[in-house]
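The values are calculated or read from the model by the stated rules, or taken from the named source; none is laboratory data. For clarity, every value in this text was computed on a predicted model and none was experimentally measured. Every residue, glycine among them, receives a Cβ derived from its backbone with ideal geometry; neighbour counts consider all protein chains shown. Accessible surface areas use protein heavy atoms only, side chains included; no ligands, DNA or RNA. Shrake-Rupley method; radii C 1.70, N 1.55, O 1.52, S 1.80 Å.
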Amino acid sequence: MKSVEEFESKIRSLSNRARYDDACVLSRYFLRAYPDLVVAAYYEAVFTAEKTEGYSKAENRMRYATAAKKLQRLLVRLRGVDSNLRTRIRNEYYWFSNQPYKQFLLGQEQVRLGYQRANYSQGVGAIGVAKEYARKGKIGLAMRWAKRSENAWKRFFKVDPNWYNSYLFYAQSVGLQGRTTEMNRAFRRASQISGKSINWAIIQEFKEEIESLVK
């Protein structure tokens, strides 16, 4: 049987290549192998809905709600869990339950405590807030939050420059500010790391969303 470390390493590797179906299957094996471990339940919950491609918006809303419920159940099991995993669980819960401001605050809180990877939470949360303001036509606030997201990603890249998903969100942060060339460069970087085509549906979906908000 694989060790906990082996399961985690393989699942993260699959995730960074956007092989979410394979990561989902492996996370279920992980949970079956270690049914009492919070970290195993965490991965199974995340990959319940990490893949969005091929599903309708309504289906993804339901899948996100399912993932959020699973993660919410883990929030009461965090006693004795290391701070790194606690942060990851809270981050994913805020993501799947669509609470970008709380996700941003989580990142701020953890960065102050010295956990620099939590800039990820700040970056994702801030661009989520920025897009909400952009949809409401509050352009000044949208730009302010997009800049916060951009700055968080620049700090994150100093810790981990090779996590493909981070470039998807960084691309949105600069794209929303009207910097199309930088946005496209970031999407290409995401494509290179993940091994996906630059025409991958997820990249195109984000790109079209940002272009529509800028207009």
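Among residues of the stretch 140-171 being in contact (Cβ under 8 Å) with a residue 60 or more places away in the chain and in a loop (DSSP other than H, G, I, E, B), the one that is nearest to the chain's Cα centre (by Cα) is TRP163. Does ARG155 count as open to solvent by 50 Å² or more (accessible area, probe 1.4 Å), within 27 Å of GLU109 (Cα to Cα) and either out of contact with any Pro (no Cβ under 8 Å at 6 or more places or on another chain) or modelled with pLDDT of 95 or more (or both)? In short, yes.
Taking the numbered list (1) without any contact (Cβ under 8 Å) to a residue 40 or more places away in the chain; (2) part of a helix (DSSP H, G or I) in turn, GLY137 passes all entries but (2). Among the residues making up the stretch 60-72, those that are free of Cβ contacts under 8 Å to residues at least 12 places away in the same chain and open to solvent by 80 Å² or more (accessible area, probe 1.4 Å) are ARG61, MET62, LYS69.
Between GLU205, GLU150, the distinction of being open to solvent by less than 60 Å² (accessible area, probe 1.4 Å), among the acidic types (Asp, Glu) and modelled with pLDDT of 95 or more belongs to GLU150 only. The conditions of being within 14 Å of TYR42 (Cβ to Cβ), open to solvent by 20 Å² or more (accessible area, probe 1.4 Å) and assigned to a helix (DSSP H, G or I) are met by ASN84. Filtering the stretch 110-131 to residues that are open to solvent by 70 Å² or more (accessible area, probe 1.4 Å), without any contact (Cβ under 8 Å) to a residue 40 or more places away in the chain and in a helix (DSSP H, G or I) leaves only ARG112. Cβ-Cβ contacts under 8 Å between residues 6 or more apart (or on different chains), taken from a first residue in the stretch 180-191 that is modelled with pLDDT of 95 or more to a second residue that is aromatic (Phe, Trp, Tyr) and surrounded by 23 or more Cβ atoms within 10 Å (Cβ to Cβ), are listed as ALA186/TYR167; ALA186/TYR170; PHE187/TYR167; ARG189/TYR167; ALA190/TYR167.
Return yes or no: is LEU105 assigned to a helix (DSSP H, G or I), open to solvent by less than 60 Å² (accessible area, probe 1.4 Å) and touching a residue at least 12 places away in the same chain (Cβ under 8 Å)? For LEU105, the condition - assigned to a helix (DSSP H, G or I), open to solvent by less than 60 Å² (accessible area, probe 1.4 Å) and touching a residue at least 12 places away in the same chain (Cβ under 8 Å) - is not met.
Contact map, the stretch 80-96: first residue more than 13 Å from GLN110 (Cα to Cα), second residue among the aromatic types (Phe, Trp, Tyr) and in a loop (DSSP other than H, G, I, E, B), Cβ cut-off under 7 Å, separation 6 or more or different chains; the map is empty. Among the residues of the stretch 73-117, the one identified as within 21 Å of ALA146 (Cβ to Cβ), in contact with a Leu (Cβ under 7 Å, 6 or more places away or on another chain) and not polar (S, T, N, Q) is TYR94.
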